Amino acid sequence: TKSGIFKELCDSARKNVKVSAHNGVEEKQFVIIIDEINRGNISKIFGELITLLEKDKRKGGRNPLAVKLPHSKDDESFSIPSNVYVVGTMNTADKSLANIDLALRRRFDFEEIPPRYDILEGKLVEGVKISQLLKIINQRIEVLIDRDHLIGHSYMLDVASFDDLKSVFKKNIIPLLQEYFYDDWDRIR
């Protein structure tokens, strides 16, 4: 049987550490991205490897650990190199966020990425300042619901005409607001 993608990534990372006479150790960085990590069963995804994700438990860390993988045909133990990074994305508006257990919270740094109005700065469509429009919508959402439900700037990136703007509202923003406000049109307005 073939190794899983995470084991292959760690094996590659171990092989890509180079020692330089002038600068010491040079490590090529390896990243695995798990989109919407909160939607999966973390215990089943990582299993006993969850402990190995901690910085100090990685190979080269203060308290390095290695385990024998249960389904591995190798007799050697497995560890996670320090040059492997796991990035998980999640949308805090998802109800499944509450399912993130403490084991995961302890092992990851969390970084909020709010809407970037500055990316839309200067974008003007038939007199409508797109950054200002999105900012006002989000201010109202924050008052009526919370900041976890703000609409991201990505919806507005490709808006170049008034027809584009109408399309984004019709196909993306209004359906999202309908879900947020349970079809309460007074609040949506």
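The values are calculated or read from the model by the stated rules, or taken from the named source; none is laboratory data. What you see is a predicted model, and the numbers here were worked out from it, not measured in a lab. So basically every Cβ, Gly included, is an ideal-geometry build from the backbone, and we count neighbours across all protein chains shown. Accessible surface areas use protein heavy atoms only, side chains included; no ligands, DNA or RNA. Shrake-Rupley method; radii C 1.70, N 1.55, O 1.52, S 1.80 Å.
Rounded to the nearest 10 degrees, the inclination of helix 5-15 to the longest alpha-carbon principal axis of the chain is 60 degrees.
Counting protein heavy atoms only, the chain has 51 percent of its accessible area on carbon and sulfur, 1.4 angstrom probe.
Distances between placed amide hydrogens fall under 5 Å for residue 69 paired with 78, all partners being 5 or more residues away or on another chain.
Using heavy atoms of the protein chains and a probe of 1.4 Å, the accessible area assigned to residue 179 is about 120 Å². Placing +1 on each Lys and Arg Cβ and -1 on each Asp and Glu Cβ, with no other charges, gives the chain a dipole about its Cα centre of roughly 540 debye. Per residue, the accessible area of the chain comes to 69 Å² when a 1.4 Å probe rolls over the protein heavy atoms.
What is the magnitude of the charge dipole of region 83-185 about its Cα centre, with +1 placed on the Cβ of each Lys and Arg, -1 on the Cβ of each Asp and Glu, and no other charges, expressed in debye to the nearest 20? Its charge dipole is roughly 80 debye. Projecting the Cα atoms of 177, 70, 37 onto the charge dipole of the chain, computed from C-beta unit charges around the Cα centre, puts 70 farthest toward the positive end.
Relative to the dominant Cα principal axis of the chain, helix 130-144 is inclined by about 80°. Note the listed values (1) 104, 36, 25; (2) 55, 44, 37; (3) 64, 41, 32, then indicate which one is Cα extents along the principal axes in Å calculated from this particular structure. Given (1) 104, 36, 25; (2) 55, 44, 37; (3) 64, 41, 32, the structure-derived one carries the label (3).
By the scheme Lys and Arg +1, Asp and Glu -1, what is the net charge of all other residues having a beta-carbon under 15 Å from that of residue 156? Cβ neighbours under 15 Å give a net charge of +1. For residue 140, neighbours were defined as the other residues whose beta-carbon sits under 15 Å from its Cβ, and their charges (Lys and Arg +1, Asp and Glu -1) total -1.
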